[in-house]
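The numbers here are math on the coordinates, done by the rules we state, and not lab data. As the structure is a prediction and not an experimental result, all values here were calculated from the model. We place every Cβ from the backbone using ideal geometry, glycine too, and count neighbours over all the protein chains shown.
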Amino acid sequence: MTSQRTRERLVQRLVEQGIRDQAVLEVMRTTPRHLFLDEAMAHRAYEDTALPIGYQQTLSQPYIVARMTELLLEDGPCENVLEIGVGSGYQTAVLAQLVTQVYGVERIKALLDRARPRMRQLKLRNVQLRHSDGALGWADKGPFDGILSAAAPERIPQELLQQLAPNGRLVIPVGGQSQHLQVVRRSPEGFVTNIIEPVRFVPLRPGTVR
């Protein structure tokens with residue numbers, strides 16, 4: 001279920017799908033994805049598929065986690081990163097091993113309460129988590145070199161754009177029934193958007209759930 005061979009097969013699939021960043025691949029190889037799932041789902045942890053984590057939320061497909069992380073780091077190292085939609089904490093854990101500091105926001109408190117001890121278990125001390133509306137970001141910890149969203153707004157919230165540092169990048173799925181992964185860079189001339197590929201994410205909802 002959690003053998004090294006099983007993880008190696010997952011990494012090989014990621015390579016075949018076009019993931020090239022060796023640091024990202026190594027973190028995908030070594031991060032114990034089964035810890036971020038309920039016991040009943042843990043046997044499927046190293047399948048390249050999205051899996052349910054309760055509360056109508058999902059643990060993203062490993063390819064999408066790797067792809068979004070690779071896109072976030074494409075211009076070089078990131079120090080200050082904001083993650084929207086912590087969920088069970090898997091993407092958070094991947095980011096924490098590749099950037100200096102991760103600030104994670106999650107609107108569902110029960111999910112956040114499960115994610116916190118996982119960060120401690122993995123000794124990831126460069127993570128701060130907050131129960132908050134993801135569309136608002138985390139302004140007093142910004143500006144951010146990178147922002148990554150694991151939920152899709154129909155339009156990108158202005159708050160997230162304004163919290164990007166100069167030359168920072170936002171990696172986010174955008175849309176309703178039809179969604180596309182986008183990378184938005186903050187350049188001296190303004191915001192420059194690249195559309196990457198079709199995706200399917202849970203919607204970015206307003207407010208919080210206790």
Which residues qualify? For V199, with a placed amide H closer than 5 Å and at least 5 residues away or on another chain, they are Q179, H180, L181
To the nearest 20 debye, the chain has a Cα-centred charge dipole, built from +1 on Lys and Arg Cβ and -1 on Asp and Glu Cβ, of 620
Mean separation of Cα contacts under 8 Å (at least 6 apart) over the residue count of region 50-199, i.e. the relative contact order in percent, is 18
Here FRET efficiency (C-beta to C-beta, N194 to N167, R₀ 22 Å, nearest 0.05) is 0.90
Charge dipole of region 3-158 built from unit charges on the beta carbon (Lys, Arg +1; Asp, Glu -1), centred at mean Cα; most positive-end Cα among Q128, T69, F144 is Q128
Among chymotrypsin sites (Phe, Trp or Tyr not before Pro) in region 1-91, those in a DSSP loop whose Cβ has at most 15 other Cβ atoms within 10 Å are Y55
Within region 5-98, DSSP-loop trypsin sites (Lys or Arg not before Pro) with at most 12 other C-beta atoms within 10 Å are R20
Checking A40, A50, A66 against a Gaussian network model of the chain (alpha-carbon springs below 10 Å), the top fluctuating residue turns out to be A40
Most fluctuating of G89, G146, G190 in the GNM of the chain (C-alpha, under 10 Å) is G190
Of all DSSP beta bridges having both residues in region 50-199, the percent classed as antiparallel (nearest 5) is 50
The Cα radius of gyration of region 50-199, divided by 2.2 N^0.38 Å with N its residue count, comes to 0.96
In the neighbourhood of R7 defined by beta carbon distances under 14 Å, the net charge of the other residues (Lys, Arg +1; Asp, Glu -1) is +2
Here the averaged projected area of region 139-210, based on the convex hull of its alpha-carbon atoms and given in nm², is 5.3
Taking the reciprocal of mean 1/r across every pair of different Cα atoms in region 1-73, the Kirkwood radius in Å is 12.4
